[in-house]
Amino acid sequence: MIRSLLCTSLVVFFANATLPADEVLKQMPAVFERAGSQTKVMLENIKDDPQFPRTLSPDGKVKTVQAEDWTSGFFPGTLWLLHEYDPKGARKERAWDYTRRLEVIRHFKGNHDGGFMLGCSYGNALRLDPSDESRAVLLDAAAALATRYIPKLGMIRSWDHEPYQCPVIIDNMMNLELLSWAAKNGGDAKLREIAVSHSDLTLKNHFRDDGSAYHVLDYDPENNRLRMIDAKQGGDVRTAWARGQGWALYGFTMMHRETGRPDYLACAEKVAAFIMNHPDLPKDGVPMWDFGCKPDSKEPRDASAAAVMASAFLDLSTLVKNGKPYLDMATRQLLTLSSPEFLAQAGTNGGFILTRSTGYLPANIEINVPLNYADYYFLEALLRYRALKEGKTRIALGAAK
Ligand code: GLY
């Protein structure tokens, strides 16, 4: 009797005990306040420009890009995520305005990036303000992306430029959610088969034994031979480009969510282990631009890689039995990105939200600068975190109707 009373009171005690304050949730209003005020600065900076902000130029001015640039969807997406956090914040009109500027690329076939460009813009529009207009654009975008599929090879060609014949980059995994969504929402059922075939061959060919992914594999589509492995945006074919590991983690986690395939989950967990156990991952969780760099060197970090990873770790944490290590890793990354080390001071950074990303170091392009996709995945990760902590379902594009 005494024992059972003790047990009951212990249960009541733990149920009522104040949980330690959740730092990410505690900081979230201030971080979104900063993200909102920065975006206001951005909108003022680009008010006479019909294009899309991507980064800061060396002269300190916001560099904008045309709709066909692979990053064009991230700023409209950021506006949608700000609207998701605060639907009363009067950003919906702006989000639609920038989203509709991308309607011109609904049939674009020039690269594999339709998921980034139209999934992040119209895909978020569909989640947050459902319409036939968004559905139609996304179905067209998926059909356009599928034209890049090479049946003989079983993969989507990522780029069309020299020196490659049929390059497939790990980033390509990110664009498969658009195909999976379309197959479930009125598009050709083959779109899902394309996404699965591309994933299967990426899984087979694109990974090192340690679980890390190469950036570029170039195939000969006539005989499926591998012509070349290229480090491209990474430091060396023997080391792992940081953002590429983020794309791999996110892409295979998403494809497991979409298909239930255990081998995709195993792949995502192997990439996760590579990142989390890497001796040269800085303690605060934001990687150097390439895992071949030492944290105490002068090499730059890549906040965009951390933002992509944090969002993926949160997704992964919900798909496994024990998601705590992934949740903890994402928490560490989000707290670091929310700190003054990475979060822009109000009114600075051209209006971008995060500082210190690295786009393409080997080509001397976009080093230690803000990047629109760092901002986008940072906000997405925070919103995933909030939903997870509040026990709410935050639908992904794949589940949107
Ligand atoms: N998708 C190109 C990049 O990650 O820089």
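Between LYS61 and ASP129, take the C-beta separation as r, use R0 = 45 Å, and let me know the FRET efficiency to the nearest 0.05. Walk me through the numbers before you get to the answer.
Details: r = 32 Å, r/R0 = 0.71.
Here the calculated transfer efficiency is 0.90.
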Quiz prompt | Per-residue ³J(HN,Hα) for the stretch 193-199, Karplus 6.51 cos²θ - 1.76 cosθ + 1.60, θ = phi - 60°, Hz, x for Gly and Pro | solution = 4, 5, 4, 6, 4, 4, 5
Quiz item: Mind listing which trypsin sites (Lys or Arg not before Pro) in the stretch 362-400 are in a DSSP loop and have 10 or fewer other Cβ atoms within 10 Å?
Solution: LYS392
Exercise. Pop out the ³J(HN,Hα) list for the stretch 328-344 in order, Karplus 6.51 cos²θ - 1.76 cosθ + 1.60 with θ = phi - 60°, rounded to Hz; leave Gly and Pro as x.
Key: 4, 5, 4, 4, 4, 5, 5, 5, 5, 5, 7, 8, x, 4, 10, 6, 5
Quiz item: What residues qualify as long-range amide H neighbours of MET228, i.e. H under 5 Å apart, gap of 5 or more or another chain, H built at 1.01 Å from N?
Solution: ASP218
Self-check item: For the chain, built as a Gaussian network whose Cα springs stay under 10 Å, the top-fluctuating residue of TYR385, TYR326, TYR219
Solution: TYR219
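Assign unit charges at the C-beta atoms only (+1 for Lys and Arg, -1 for Asp and Glu), then state the dipole size of the stretch 52-204 relative to its Cα centre in Debye, rounded to the nearest 20.
My answer is approximately 80 debye.
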Quiz item: What translational D, rounded to a whole number of µm²/s, comes out for the stretch 97-240 from Stokes-Einstein when the hydrodynamic radius is the Kirkwood one over Cα pairs, at 20 °C and 1.002 mPa s?
Solution: 136
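Quantify how much of the Cα-Cα distance distribution of the stretch 37-125 extends past 20 Å, in percent. Could the numbers behind the result be given before it?
Values: 1219 of 3916 pairs.
Tail fraction, whole percent: 31.
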Self-check item: Rounded to whole Hz, the Karplus (6.51, -1.76, 1.60) HN-Hα couplings of the stretch 115-122, x for glycine and proline
Solution: x, 5, 6, 9, x, 6, 9, 5
Quiz item: Relative contact order, percent, of the chain when contacts are C-alpha pairs under 8 Å separated by at least 6 residues?
Solution: 17
Quiz item: Considering the stretch 282-369, what Rg and Dmax in Å follow from its alpha-carbon atoms?
Solution: 13.9, 43
Practice problem: Please list the non-local residues whose amide H lies under 5 Å from the amide H of ILE150, H modeled 1.01 Å from N, same-chain partners needing a gap of 5 or more. | Solution: MET155, ILE156, ARG157
Practice problem: Return the single residue from ALA30, ALA268, ALA195 with maximal mean-square fluctuation; model: Gaussian network over the chain, springs between Cα atoms under 10 Å. | Solution: ALA30
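222 nm [θ] for the chain, helices only, -39500 (n - 2.57) per DSSP H run of 4+, per residue, to 500? Please report the intermediate quantities before stating the final value.
On the way: 13 runs with 184 residues, N = 401.
After summing the helix terms and dividing by the residues of the chain, the value is -15000 deg cm²/dmol.
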Quiz prompt | the stretch 172-254: proportion of alpha-carbon pairs further apart than 20 angstrom, % | solution = 39
Practice problem: Can you work out the PRE-style zone for ASN45? Point 7 Å along Cα to Cβ, and I want the residues of the stretch 363-381 with backbone N under 20 Å. | Solution: 365-380
Quiz item: Where in the stretch 254-359 are there trypsin sites (Lys or Arg not before Pro) that are in a DSSP coil and have at most 13 other Cβ atoms within 10 angstrom of their Cβ?
Solution: LYS283, LYS298, LYS321
Self-check item: Reachable lysines, given that their alpha-carbon falls under 21 Å from the alpha-carbon of LYS109 and they are not under 8 places away in the same chain
Solution: LYS152, LYS190
Quiz item: What is the distance, in nm, between label points placed 7 Å from the Cα along the Cα-to-Cβ direction at ASP200 and at GLN165?
Solution: 2.3
Quiz item: Any idea what Rg and Dmax come out to for the stretch 223-341 if you just take the C-alpha atoms, in Å?
Solution: 14.7, 52
Quiz item: Which entries in the list LYS63/LYS204; LYS40/LYS324; LYS26/LYS88; LYS63/LYS92; LYS184/LYS392; LYS88/LYS401 go over 26 Å, if you measure between the two C-alpha atoms of each?
Solution: LYS63/LYS204; LYS40/LYS324
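Please report the equivalent ellipsoid semi-axes of the stretch 234-302, computed as sqrt(5 x eigenvalue) of the Cα gyration tensor, largest first, in whole Å.
Working: eigenvalues 128, 24, 18 Å².
In descending order, the three semi-axes are 25, 11, 9 Å.
What is the diffusion coefficient of the chain in µm²/s, taking the Kirkwood radius over Cα pairs and the Stokes-Einstein relation at 37 °C with a viscosity of 0.692 mPa s?
Values: Rh = 21.5 Å.
In µm²/s, the coefficient rounds to 153.
Every number here is computed from the coordinates shown, using simple stated rules; none is lab data. Please read these numbers as outputs of a predicted model, since none were measured by experiment. FYI the Cβ positions are ideal-geometry reconstructions off the backbone, even for glycines, and counts take in every protein chain you see.
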